[in-house]
Amino acid sequence: MPIGELAALTTSLCWAFTSTFFTLAGRLVGSVTVNRIRLLLAVVFLLLAHALFRLPLPLHAERERWFWLGLSGILGLALGDAFLFQAFLWIGPRLAMLLLSLAPVLATVIAWVFLDEKLALLQLIGIGVTLTGVAAVVAERTAPDATTISGRRLLGLLSGLAAALGQALGLITAKRGLAGDFPALSGTLMRMVVAAAVMWGAAILLGQARATLRRVRERPQALRYLLGGAFFGPFLGVTLSLVAVQATAVGIASTLTALPPVFLLPIGRLVFKERIGPLAIIGTLVAVAGIALLALG
């Protein structure tokens, strides 16, 4: 397999592992703590990545670039991921990541409505196919007693949709910040730094910073999960995604990096003991096919 396609496929696997690790950590210390700690760890790993690839730190980036990438970090990483991690706890990583796959659909629609970007016929078909697949998975009920978890499931679905919207807005603002062939890895570091500053600034103002650190110290197993999630996500996953984009066509890379919901089918069954029916499997594959059409379009 060519290096670009292999890197993109490995990226999807990394992000499937990341969501699993963060779900396990969230069950121990809560979603807010996970979001705060993983942002710090992500900054550390991205600094190591800059040293590894001998990239200069973006200390002298333009103010406008800092504004757009910082706004992207707040919308996508601080707010969007806050909803995502809560969705992990309420509906599990498999369904949460499937809802997150709507982010490129939402970004395409927002860009079409507000930025006057034109849509090709293949993209419109891809949007329809993706929505159909996601709707099929959401409609399937496999829990033995659905009435006791309907409220929790609804909140989880809304959190997943809010995460997708945050990611979509983060993608659009990041596109503005990365204009002019700015290194994507440096842009990711800038997004993480701003998101971490906002999250920890709020924690300090609310008097929750010490409690956050104490919660992790009391649950050392959560720290191991957080380290695993931060390594496979912001460090290895982001780095491999950049390799994929550089080594193969963007449409192919985008399609192959949209496969975490597929990898999470066996993970959900083996790790989280989820009951996965045939409609969930078919719907997931249909949704991923729709994302492929959207990317290739």
For residue 30, work out the one condition from (1) farther than 28 Å from residue 207 by Cβ; (2) at pLDDT 95 or above; (3) among the small types (Gly, Ala, Ser) it doesn't fulfil. (1)
Can you pull out every residue in the range 260-291 that is among the basic types (Lys, Arg) and either part of a helix (DSSP H, G or I) or in contact with a Pro (Cβ under 7 Å, 6 or more places away or on another chain) (or both)? 269
Let me confirm something: among 67, 83, 45, which residue is on the phi < 0 side of the Ramachandran plot and either surrounded by fewer than 19 Cβ atoms within 10 Å (Cβ to Cβ) or among the charged types (D, E, K, R) (or both)? 67
Report, ordered by the first and then the second residue, all pairs with beta carbons closer than 6 Å, sequence separation of six or more or different chains, a first member in the range 175-203 that is within 11 Å of residue 66 (Cα to Cα), and a second member that is of a type in the set (Phe, Trp, Tyr) and modelled with pLDDT of 95 or more. 176/68; 177/68
What number goes with the only condition from (1) under 12 Å from the mean Cα position of the chain (by Cα); (2) not hydrophobic (A, V, I, L, M, F, W, C); (3) not in a helix (DSSP H, G or I) that residue 104 does not pass? (3)
Look through 25, 82, 87, 51 and report the one residue that is within 26 Å of residue 295 (Cβ to Cβ), assigned to a helix (DSSP H, G or I) and among the aliphatic types (A, V, I, L, M). 87
Do you know which of the residues in the range 117-175 that are in contact with a helix residue (DSSP H, G or I) (Cβ under 8 Å, 6 or more places away or on another chain) and of a type in the set (S, T, N, Q) is modelled with the lowest pLDDT? 142
Checked pairs for the range 1-14, first on the phi < 0 side of the Ramachandran plot and surrounded by 17 or more Cβ atoms within 10 Å (Cβ to Cβ), second of a type in the set (S, T, N, Q) and outside any loop (DSSP other than H, G, I, E, B), C-beta under 8 Å and 6 or more apart or across chains, list as 4/246; 7/241; 8/241; 8/255; 11/241
Only residues in the range 281-292 that are without any contact (Cβ under 8 Å) to a residue 40 or more places away in the chain and surrounded by fewer than 23 Cβ atoms within 10 Å (Cβ to Cβ) count as the first member; pair them with residues that are not aromatic (Phe, Trp, Tyr) and not in a helix (DSSP H, G or I), Cβ under 9 angstrom, at least 6 apart or cross-chain, and list the lot. none
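The values are calculated or read from the model by the stated rules, or taken from the named source; none is laboratory data. Quick caveat: nothing in here was measured; it's all calculated off a predicted structure. Virtual Cβ from ideal backbone geometry, glycine too; neighbours counted across all protein chains shown.
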